[in-house]
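Take a look at the structure set out below.
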Amino acid sequence: QVQLVESGGGLVQAGGSLRLSCVASGSINSINVMGWYRQAPGKQRELVASITRGAITNYPDSVKGRFTISRDSAKVYLQMNILKPEDTAVYYCHALTYEHYNAWGQGTQVTVSS
């Protein structure tokens, strides 16, 4: 199994930046894709960014050009620039193993004030 622990959330003004970090432990060699999801109040959880073991990245249009995901072995990072109030959400680290097991972190709050 895989365990994930996030850090780096907080409060920032619109236009500012934050960097989220996530460390995986356990069966880290079984991890294929790592990524970040977010969930705002009253909304469904949505993909923010993902990166495969081969460093192929994927972003929705809403964050493309502003967010950058990177990965270093069992760690994954999300650099968030030009933050907007609509980016306010709980951000969750995610890992998908080759056995199709989904692991989730506990979540970290990101709040962007206008």
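Some notes on this structure:
- Length gained on full extension, Gln79 to Ser7, computed as 0.36 nm times the residue gap minus the Cα-Cα distance: 24.7 nm.
- Kirkwood-based shape ratio for the chain, expressed as Rg/Rh from alpha carbons: 0.96
- Max mean-square fluctuation residue, GNM over the chain, Cα-Cα springs under 10 Å, options Gly65, Gly26, Gly42: Gly42
- Our note on the geometry: Cα centres of region 46-72 and region 83-97, 11 Å apart.
- Extension gain (nm, one decimal) between Asn32 and Gln109, 0.36 nm per residue minus Cα-Cα: 25.2 nm
- Environment charge at Ser113 (Cβ cut-off 13 Å; Lys +1, Arg +1, Asp -1, Glu -1): -1
- Principal axis box of region 1-67, alpha-carbon based, largest edge first, Å: 38, 24, 23
- With 0.36 nm allotted per residue and the present C-alpha distance subtracted, the Arg66-Ala14 stretch has 17.5 nm of extension available.
- Dipole size of the chain about its Cα centre, with +1 on Lys/Arg Cβ and -1 on Asp/Glu Cβ: approximately 120 debye, rounded to the nearest 20.
- Site pair Gln44 and Tyr98 shows an inter-label distance of 3.1 nm when each label is modelled 7 Å from Cα along Cα→Cβ.
All of the numbers you see were taken from the coordinates with simple rules; none came from a lab. Fair warning: this is a prediction, and the values are worked out from it, not measured in the lab. Please note: Cβ atoms are built from the backbone with ideal geometry, for glycine as well, and neighbour counts cover all protein chains shown.
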